[in-house]
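Presented below is the structure to which this report refers.
The values are calculated or read from the model by the stated rules, or taken from the named source; none is laboratory data. What you are looking at is a predicted structure, and each value in this text was computed from that prediction instead of being measured. Counting neighbours? That spans all protein chains shown, and the Cβs are built from the backbone with ideal geometry, glycine included.
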Amino acid sequence: MAGRPGTGKARAKGTIGTLRSGSLRVRAYAGVDPVTRKRHDLVEIVPPGPNARRQAEAILARFLREIEEKRNPRTTATVDQLLQRYLEQFAGGANTLDLYRTHVRNHISPCLGHLKVVQLDAETLDSFYGELRRCRTRCTGRRAIEHRVDGPHECNDRCRPHQCRPLAATTIRHIHFILSGAYKRAVRWRWVSVNPTALAEPPPAPKPNPQPPTAEQAARIVTESWRDPDWGTLVWTAMTTGVRRGELCAIRLSSVDLAEGRETVWLRKAIRRDPVAGWVEGDLKTHQQRRIALDAETVAVLREHIARCSARATALGFALSPEAFLFSGLPDGSTFLTPDSVTQRYDRMTSRLGIETTIHKLRHYSATELITAGVDPRTVAGRLGHGGGGTTTLKTYTAWVSEADQRAARGIGATMPHRPAALDADAQRRAMPRYPYEVIAADLGRRIEEGALTPEDDVPTAAALAVEHDVSLATAKRALVLAQEWGLLERRDRNTLRVVASELPEVASEVRSPSCAPPVPGDARTLLTFTLRHRGTRVTRFSAVTDLSDGEALEQLLTDAIARSGGSPERVAEYEMDVERAGGAEPLMTLVVARQPG
């Protein structure tokens, strides 16, 4: 296995040896492997033949030239070893690192991890991406059973025949980004001379398709959330500021500045999940703090929320700390809400309303409303925490004109739905009944208020109510008990109920407008949707609970809407307002005020 005579340089750094099969083995010393710390040789086998010696000499000369020019691979490390070294030095966010480790463990290592870094090429990557687009488990195509657990067990209906499910294009692109970042490091470390991911072609990026809630859906979400004022404040703040759920959960009282002229919230931390410690406070996604200007109505909402929290704390004998969390499950604000619990509660709420949406789409709602109002994408990007100076915002939402952050705050405040007043438990159940027995009790109250049921009339029996409303007898009896709790009915004798003769308390189902106008009394209140137009051009759209027959209340809503949209109430004659039922297709009426107010 000695070097061939006459090749002095080859004898010093490389050899050409003959194997038992007659093949020639070309070996050249290339230093010490930086990964294994062992001797690193470049080796290639030349099959026997008449030109085998000449081919071996050419290969040896190439090896020596690459070693001298430092173009040779310096290691025999595998793709798994490269990825381990790369992720150990990864400088991105903790959540991103967890995601990358999951993709490596589930998809990259099982298929490519055993390959040496020099063996991976563009053809192999394209084939790998194609397999993932066909089936995420890279099955062989034969019939197989997907068992619910590994190891011996008795199969049941959860052990089903395998069905190929492609991996999402976004996930495949994440895998490509992982390999690309690792091989960029490998090129810089001179583990390889060429980055194969630069020649591979991952799936194209899906086109952004933000689907924010509509104005009507936003109004229903806000109204439903305000059954619990604390929860309503959280949903309102998420809708107006567009912050991420982890950022929202990490806001402390000291980060909220409600002083006049300086109304801002300072986002410094975010709640994230640590693989070891669980939910913890960490850096923001972009590792960059930001301040967000607040509109006037959000300032009022937060002031009421903080005052409510302070009153609870005082009642329990302590004062809120400035470092208390703005949204917390404890009266002292010492703990934060977890992002997952916020998501679960929001999903349950929207499921009850029959709205298919997620809490993340409140960011889309905020962004689209700002852009529609004419805010420039750089300002929108700053509020949302997008990197790239607005590039992400441009790709996702498109831009229109330039404005400043203060106009952004005014714009989102003007387009928000009306915020409901905080009602007590009984008033909430009467104004917005949720369960069948509440609906029956509220219907009895409406009939009593309208005079259809008087103290002289016989109150329908539980059996009659069960038939009328198509419910069980137990539900009808529960409705009668609830009507007694509300003071609508009283027991005449053991088996008879009668209507209470005293004047009934009025249900406070009004919605407070951002101008803080006093509640307008009425009897037949319902949820209505209003569209304000100025000389035929749509200005804004909002929802409110009011009495359709109360002209003064409707006129007050009109002037309030004009003021919120930046117009002058003195020029009310130039405006008109369509009134329709929430979710209705046709307007019930169009309100026009011909006279000047006052």
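Across region 440-491, which residue is nearest to ARG525 (Cα to Cα) among those that are surrounded by fewer than 16 Cβ atoms within 10 Å (Cβ to Cβ) and of a type in the set (A, V, I, L, M, F, W, C)?
Out of the qualifying residues, it is ALA452.
Under the condition of being in a loop (DSSP other than H, G, I, E, B) and closer than 22 Å to ASN106 by Cα, which residue from region 161-197 is farthest from the chain's Cα centre (by Cα)? Talk me through it step by step, then tell me what you get.
Let us first name the residues in region 161-197 that are in a loop (DSSP other than H, G, I, E, B), namely 162-168, 189-195.
Next, only the ones that are closer than 22 Å to ASN106 by Cα stay: 162-168.
On the way: HIS162: 31, GLN163: 29, CYS164: 28, ARG165: 24, PRO166: 23, LEU167: 21, ALA168: 18 Å.
Among those that are in a loop (DSSP other than H, G, I, E, B) and closer than 22 Å to ASN106 by Cα, it is HIS162.
Being in contact with a strand residue (DSSP E or B) (Cβ under 8 Å, 6 or more places away or on another chain), under 15 Å from ALA441 (Cα atoms) and modelled with pLDDT under 90 is the requirement here; does VAL499 meet it?
On the way: in contact with a strand residue (DSSP E or B) (Cβ under 8 Å, 6 or more places away or on another chain): yes; under 15 Å from ALA441 (Cα atoms): yes; modelled with pLDDT under 90: yes.
Considered against the rule, which asks whether it is in contact with a strand residue (DSSP E or B) (Cβ under 8 Å, 6 or more places away or on another chain), under 15 Å from ALA441 (Cα atoms) and modelled with pLDDT under 90, VAL499 comes out as yes.
Which of the numbered conditions does LYS207 fail, given that it passes all the others? Conditions: (1) assigned to a loop (DSSP other than H, G, I, E, B); (2) farther than 22 Å from THR96 by Cα; (3) out of contact with any Ser or Thr (no Cβ under 9 Å at 6 or more places or on another chain).
(2)
Which members of region 49-70 meet the condition of being surrounded by 15 or more Cβ atoms within 10 Å (Cβ to Cβ), under 13 Å from LYS13 (Cβ atoms) and not small (Gly, Ala, Ser)?
Hits for region 49-70 are LEU60, ARG62, PHE63, LEU64, GLU66, ILE67.
So, in region 248-289, of the ones that are in a loop (DSSP other than H, G, I, E, B), out of contact with any helix residue (DSSP H, G or I) (no Cβ under 6 Å at 6 or more places or on another chain) and among the aliphatic types (A, V, I, L, M), which residue ends up farthest from LEU234 (Cα to Cα)?
Looking at residues that are in a loop (DSSP other than H, G, I, E, B), out of contact with any helix residue (DSSP H, G or I) (no Cβ under 6 Å at 6 or more places or on another chain) and among the aliphatic types (A, V, I, L, M), I get VAL276.
Output the residue which, of all residues in region 446-463 that are under 50 Å from the mean Cα position of the chain (by Cα) and over 17 Å from GLN484 (Cβ atoms), is modelled with the highest pLDDT.
ALA463
One residue is enough: does region 210-227 have a residue meeting the conditions touching a Gly at 6+ places or on another chain (Cβ under 8 Å), part of a strand (DSSP E or B) and not hydroxyl-bearing (Ser, Thr, Tyr)?
If we filter region 210-227 for residues that are touching a Gly at 6+ places or on another chain (Cβ under 8 Å), which is where we start, we get 216, 222, 225-226.
Now drop any that are not part of a strand (DSSP E or B), which leaves none.
So far as region 210-227 goes, no, none of its residues is touching a Gly at 6+ places or on another chain (Cβ under 8 Å), part of a strand (DSSP E or B) and not hydroxyl-bearing (Ser, Thr, Tyr).
Okay, residues lined up against (1) in a loop (DSSP other than H, G, I, E, B); (2) under 18 Å from LEU294 (Cα atoms); (3) free of Cβ contacts under 8 Å to residues at least 12 places away in the same chain:
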{"position": "PRO322", "(1), (2), (3)": "yes, no, no"}
{"position": "ASP347", "(1), (2), (3)": "no, no, no"}
{"position": "ILE359", "(1), (2), (3)": "yes, no, no"}
{"position": "THR368", "(1), (2), (3)": "no, yes, no"}
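Grab the helices (runs of 4 or more DSSP H) fully contained in region 84-160, keeping just those with 1 or more residues being among the charged types (D, E, K, R) and surrounded by fewer than 16 Cβ atoms within 10 Å (Cβ to Cβ).
Correct list: 94-103, 122-134.
Among ILE292, ILE306, which is in contact (Cβ under 8 Å) with a residue 60 or more places away in the chain and among the β-branched types (Val, Ile, Thr)?
ILE292
Those residues that are part of a helix (DSSP H, G or I) and touching a residue at least 12 places away in the same chain (Cβ under 8 Å), I need them from region 465-485; list them, please.
Result: LEU465, HIS469, THR475, ALA476, LYS477, ARG478, ALA479, LEU480, LEU482, ALA483, GLN484, GLU485.
Here is a list: LEU99, LEU112. Which entry is modelled with pLDDT under 90, of a type outside the set (D, E, K, R) and either over 28 Å from LEU284 (Cα atoms) or in contact with a helix residue (DSSP H, G or I) (Cβ under 8 Å, 6 or more places away or on another chain) (or both)?
Details: LEU112 fails: modelled with pLDDT under 90.
Only one candidate passes the filter, namely LEU99.
Assess whether ARG345 counts as being among the basic types (Lys, Arg), surrounded by 23 or more Cβ atoms within 10 Å (Cβ to Cβ) and within 25 Å of ARG272 (Cβ to Cβ).
no
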